[in-house]
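Taken together, the values in this text are just the output of simple stated rules run on the coordinates, not laboratory data. A quick note: this is a predicted structure, and the numbers were derived from the prediction, not measured. Here the Cβ is made from the backbone with ideal geometry for all residues, glycine too, and neighbour counts use every protein chain on show.
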Amino acid sequence: MIKKKIISRFRVDPGTKVNLKKYPTDWTGTSEARKLGKEAIKSRAGEILEKNRERLAEVQNLLYADDTYSVLIIFQALDAAGKDGTISHVMSGVNPQGCQVFSFKHPSAEELDHNFLWRYANRLPERGRIGIFNRSYYEEVLVVKVHPEILNAQKLPTGKTGNKFWNERYEDINTFEQHLSRNGTIILKFFLHLSKDEQKRRFLERLDKPEKNWKFSAGDIAERGYWKEYQRAFEDAISETSTEWAPWYIIPADRKYVARALVADIITSTIKNLDLKYPKVTKEKMKELDEARKTLEKE
């Protein structure tokens, strides 16, 4: 649906030192997009999203029948970047029995008594299913890095939280994801890249529209004050953990229709390229099916 050379612009190659200022938050503002026009892009994005919803429903059935792979989709972003909406729009056509979404809140006492990956490992998708993490273990190198005082509750051995500590966490994540990949989990990671101006506009919309008031939290404004720190944390995390087995995609999120079309196409194309097959029916099974047909036709 979307040309590979376009998708490749959003995929972060392993070893890339990410500078988010070089990645657009509004793809419709790029020189390439301006030639097409915003209305044409919006219309085309809608077509791509709808077509991929149909394709995703088809490949989900095949994923389940093949029973070899599972798919883990991770969404990370700052507040108001559109994670919930993207998940809702992209996954609206799939069978709920084959797809699970988890949003991770403040860890419980039990979770804090385990390593930082434990509660996420307990929510991984089984073979044949799609699992979506709305925020994930990456919070441990994002919000925790911006607010290192959170580590006080994690009961870690005494030590410094300098570069060595964070590099070891990146290493833990890479090793964890490689283990999952080797055992049949396809991992796709999306950073919804939102501009500060667009976040402000969406926050104001939440305040102005009564039906969106419930989405607003005073904590969102407090975290906005750490904008630069979060940008650096995302740059470091993406640079250190975009791998061949678990790539990051930096998705321009200022235009929701662009973000949704890109995410839908990447997910669908990735699953479709797995060369999945429906199980072959044995001769014994075919004989059983023939007998069932004869029995039904005699009624």
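Taking the mean number of other Cβ atoms within 10 Å as a proxy for protection, how do you rank 289-295, 8-14 from highest to lowest? Walk me through the numbers before you get to the answer.
Numbers: 289-295: 9.9, 8-14: 15.0.
Highest-to-lowest ranking by the protection proxy: 8-14, 289-295.
I'd like the trypsin sites (Lys or Arg not before Pro) in the range 133-171 restricted to DSSP loop residues with at most 10 other Cβ atoms within 10 Å, sorted by number.
On the way: sites: R135, K145, K155, K160, K164, R169; in loops: R135, K155, K160.
Answer by residue number: K155, K160.
Placing a pseudo-label 7 Å from each Cα along the Cα-to-Cβ vector at R127 and D84 gives an inter-label distance of 3.6 nm. Counted by neighbouring Cβ atoms within 10 Å, the residues Y170, Y138, Y230 run from fewest to most as Y170, Y230, Y138. Projected label points at R293 and E50, each 7 Å from Cα along the beta carbon direction, are separated by 3.8 nanometres. Put +1 on the Cβ of every Lys and Arg and -1 on every Asp and Glu Cβ in the chain; which of L296, T28, I186 then has its Cα farthest towards the positive end of the dipole? Looking along the dipole axis, the top candidate is T28. Per-residue ellipticity at 222 nm, computed for the chain from helices alone with -39500 (n - 2.57) per DSSP H run of at least four residues, works out to -15000 deg cm²/dmol.
Computed FRET efficiency, Cβ-Cβ of K160 and N183, R0 41 Å: what is it to the nearest 0.05? Don't jump to the answer; show the numbers that get you there.
Values: r = 34 Å, r/R0 = 0.83.
Efficiency computed from Cβ-Cβ geometry: 0.75.
Computed from Cα atoms, the angle from the helix 196-208 axis to the main principal axis of the chain rounds to 80 degrees. Give a quick list of chymotrypsin sites (Phe, Trp or Tyr not before Pro) in the range 52-127 that DSSP marks as loop, anything other than H, G, I, E or B, with at most 15 other Cβ atoms within 10 Å. Filter output for the range 52-127: F104.
Using the count of nearby Cβ atoms within 10 Å as a rough guide to exposure, how do M1, M91, M286 rank from fewest to most?
On the way: M1 15, M91 21, M286 10.
By the 10 Å Cβ count, ascending, the order reads M286, M1, M91.
Residues whose amide H lies under 5 Å from that of K189, counting only those 5 or more places away or on a different chain, are I74, Y249; hydrogens are built 1.01 Å from N in the peptide plane. Going through (1) 192; (2) 117; (3) 178, the figure that equals volume of the Cα convex hull per residue in Å³ as computed for the structure here is (1).
Starting from the range 73-132, pick out the GluC sites (Glu not before Pro) whose DSSP state is loop and whose Cβ has at most 13 other Cβ atoms within 10 Å. Answer by residue number: E126.
If I take R0 = 51 Å and measure r between the Cβ atoms of L112 and Y278 in this structure, what FRET efficiency does the formula 1/(1 + (r/R0)^6) give, to the nearest 0.05? Intermediate values should be presented prior to the final figure.
Numbers: r = 44 Å, r/R0 = 0.86.
For R0 = 51 Å, the calculated efficiency reads 0.70.
Put in order of Cβ neighbour count within 10 Å, fewest first, the listed residues L207, L192 become L207, L192.
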